[in-house]
Protein chains: 2
Amino acid sequence: MWMRNLPINELQRPTLLKLGGSAITLKEELFTPDKRVLQRLAKEIKEADVSPLILVHGGGSFGHPVAKQYQIEEGYQDPSQIIGFSKTHRAMTLLNRLVVEALIDHDLPAIAMPPSSFIITKSGRIQSFDRSPIIKMMEMGFLPVLYGDAVLDWEVGFTILSGDQLVSSLASNLNADHIVIGADVDGLYTADPKTTPSARLLPHLTLAELKNVRQKIKEVTVTDVTGGMMGKVEELITAVEQGIRVMIVNATKPNNIYKALKEEHVIGTLIERR
Amino acid sequence: MWMRNLPINELQRPTLLKLGGSAITLKEELFTPDKRVLQRLAKEIKEADVSPLILVHGGGSFGHPVAKQYQIEEGYQDPSQIIGFSKTHRAMTLLNRLVVEALIDHDLPAIAMPPSSFIITKSGRIQSFDRSPIIKMMEMGFLPVLYGDAVLDWEVGFTILSGDQLVSSLASNLNADHIVIGADVDGLYTADPKTTPSARLLPHLTLAELKNVRQKIKEVTVTDVTGGMMGKVEELITAVEQGIRVMIVNATKPNNIYKALKEEHVIGTLIERR
């Protein structure tokens with residue numbers, strides 16, 4: 001079937017905002033959002049008034065534990081995983097609902113767009129998708145809200161699509177202006193700041209520098225099924241190669257997301273192609 | 001962009017089940033599901049064990065009041081409707097979550113697929129959509145759950161896609177075996193049974209007979225923004241013309257949905273092309 005696929009023009013170059021699961025949930029407590037942080041972030045997004053904007057959030061203590069229990073990321077192996085896929089997706093819709101509620105509470109016209117409804121990966125990677133609905137959503141002034149999700153896969157039946165791959169793919173596909181990554185750490189470090197006191201924040205990296213240091217960047221967060229900071233950085237390289245700026249900031253600290261969305265000076269790591 | 005669109009084969013001819021909003025919600029009480037009915041229907045669906053199956057539900061006291069307040073069905077007229085579209089969709093996701101929960105409670109691998117994520121109408125009508133995700137969901141053994149939704153529209157910005165148009169379009173597109181419509185009345189009547197004591201249930205109609213009586217069928221339910229029984233019947237004609245059987249039963253009465261899914265004898269209205 002022929003699909004009408006809207007072109008994207010310069011005026012519509014969106015800003016992509018990723019809110020990490022570990023920033024918006026209490027990662028060690030099952031199905032527990034950090035409602036205070038969610039409300040504050042919604043307020044910062046409203047005040048920043050960036051348009052068009054697309055929000056992608058992670059799974060934190062909602063999606064990951066269920067996905068892990070049923071080994072969804074490993075693909076289809078056993079019929080008992082089928083209900084596990086449903087439960088993983090349901091867990092993500094629960095968190096998504098809380099995010100959307102917080103945004104609508106702040107008068108932001110958020111629309112949930114579950115990736116499993118329109119993206120099928122191939123061996124875990126996004127190949128193509130009908131981008132018309134998301135472009136039309138932006139044109140109309142909506143704030144599309146997507147998330148890391150259990151998705152179908154042409155090769156392995158199903159898998160987990162990480163919020164990081166999704167944000168990078170959307171940014172490339174929609175020719176984003178820049179990407180803001182809201183993490184639970186201040187940015188990229190020379191070592192894990194939680195265990196290594198001498199770890200140093202990297203405030204600015206070119207693509208070449210990023211490729212040099214990526215071998216040295218150790219995981220700085222609790223292991224999750226979609227990888228730690230290393231995996232996130234790997235996913236961002238494609239977007240950076242395309243000339244899209246990436247700013248990594250700590251979303252758990254007030255005003256960082258506001259400043260990063262406005263491209264004001266803020267503590268974090270800026271990655272540019274140069 | 002080229003979209004891989006899965007073919008549908010004879011083995012996969014799905015059964016389509018529509019659960020009317022007035023059957024699963026307390027239509028006169030805002031945002032109030034009929035949880036007892038939902039649990040019973042989930043049990044009947046589980047016991048009927050029909051595969052593949054696609055479920056479509058209506059909005060009842062969730063979607064309709066909000067859609068009406070913001071005149072979403074009339075299309076974009078005013079910026080104040082934008083937040084109204086978000087709120088309408090949110091209301092539908094709330095009801096959808098309750099439906100999906102009830103199904104998963106009964107060990108049915110339900111997956112919510114919001115139409116607004118992958119369908120854009122043209123002047124209120126579905127033109128085309130990427131059907132690959134829904135077909136792949138069925139192939140894997142999932143139970144896709146869709147619903148009447150606020151959707152984007154190429155001509156008028158946005159509108160309401162009724163569950164009735166959706167079920168008819170899905171049935172045609174996916175070459176359904178048959179359609180079960182779960183209403184809050186026993187089927188099609190010669191007059192409104194709620195106000196006309198002499199009203200007679202029509203147990204069987206051919207397509208020709210249906211076209212003859214459709215002028216006589218008066219609305220038998222509370223007016224909703226997507227039309228009453230007349231609108232529902234109009235929407236079904238395309239599917240019936242394609243040779244798809246339609247059985248209308250009262251979903252508020254026990255075992256009707258079970259029997260209709262199993263194609264056992266049940267009180268209601270059967271519509272066939274013949």
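The values are calculated or read from the model by the stated rules, or taken from the named source; none is laboratory data. Fair warning: this is a prediction, and the values are worked out from it, not measured in the lab. Cβ sites come from the backbone with ideal geometry, for glycine too, and all protein chains shown count toward neighbours. Heads up: the accessible areas ignore ligands, DNA and RNA and are worked out on the full protein's heavy atoms, side chains in. Shrake-Rupley method; radii C 1.70, N 1.55, O 1.52, S 1.80 Å.
Does B:LEU11 fit the bill of being modelled with pLDDT under 95, part of a helix (DSSP H, G or I) and surrounded by fewer than 15 Cβ atoms within 10 Å (Cβ to Cβ)?
Against the criterion (modelled with pLDDT under 95, part of a helix (DSSP H, G or I) and surrounded by fewer than 15 Cβ atoms within 10 Å (Cβ to Cβ)), B:LEU11 qualifies.
Could you tell me whether any residue of region B:186-202 is modelled with pLDDT of 95 or more and not acidic (Asp, Glu)?
No: zero hits.
Filter region B:29-62 for residues that are open to solvent by 70 Å² or more (accessible area, probe 1.4 Å) and free of Cβ contacts under 8 Å to residues at least 60 places away in the same chain and give the result.
If the condition is that a residue be open to solvent by 70 Å² or more (accessible area, probe 1.4 Å) and free of Cβ contacts under 8 Å to residues at least 60 places away in the same chain, then B:GLU29, B:LEU30, B:ARG36, B:ASP49 are the ones that fit.
For region B:118-131, what are the residues that are under 17 Å from the mean Cα position of the chain (by Cα) and among the hydroxyl-bearing types (Ser, Thr, Tyr)?
B:THR121
With respect to B:PHE118, determine if the residue is closer than 24 Å to A:LEU98 by Cβ, touching an Asp or Glu at 6+ places or on another chain (Cβ under 8 Å), modelled with pLDDT of 95 or more and aromatic (Phe, Trp, Tyr).
For B:PHE118, the condition - closer than 24 Å to A:LEU98 by Cβ, touching an Asp or Glu at 6+ places or on another chain (Cβ under 8 Å), modelled with pLDDT of 95 or more and aromatic (Phe, Trp, Tyr) - is met.
How many residues does region B:187-206 contain that are closer than 23 Å to B:LYS259 by Cα and touching a Lys or Arg at 6+ places or on another chain (Cβ under 8 Å)?
2
Scanning region B:251-274 for residues that are closer than 15 Å to B:ALA42 by Cα and not in a loop (DSSP other than H, G, I, E, B), which turns out most open to solvent (accessible area, probe 1.4 Å)?
Checked region B:251-274; the qualifying residue most open to solvent (accessible area, probe 1.4 Å) is B:LYS262.
Yes or no, residue by residue, for (1) among the aliphatic types (A, V, I, L, M); (2) away from chain A (no Cβ under 14 Å):
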| residue | (1), (2) |
| --- | --- |
| B:LEU143 | yes, no |
| B:ASP153 | no, no |
| B:LEU188 | yes, yes |
| B:ALA191 | yes, yes |
| B:LYS194 | no, yes |
| B:PRO197 | no, yes |
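Taking the residues in region B:48-107 that are out of contact with any strand residue (DSSP E or B) (no Cβ under 7 Å at 6 or more places or on another chain) and on the phi > 0 side of the Ramachandran plot as candidates, determine which candidate is nearest to the other protein chains (Cβ to nearest Cβ).
B:ASP107
Out of all the residues in region B:117-133, which are touching a strand residue (DSSP E or B) at 6+ places or on another chain (Cβ under 8 Å), more than 9 Å from chain A (Cβ to nearest Cβ) and at negative phi?
B:THR121, B:LYS122, B:ILE126
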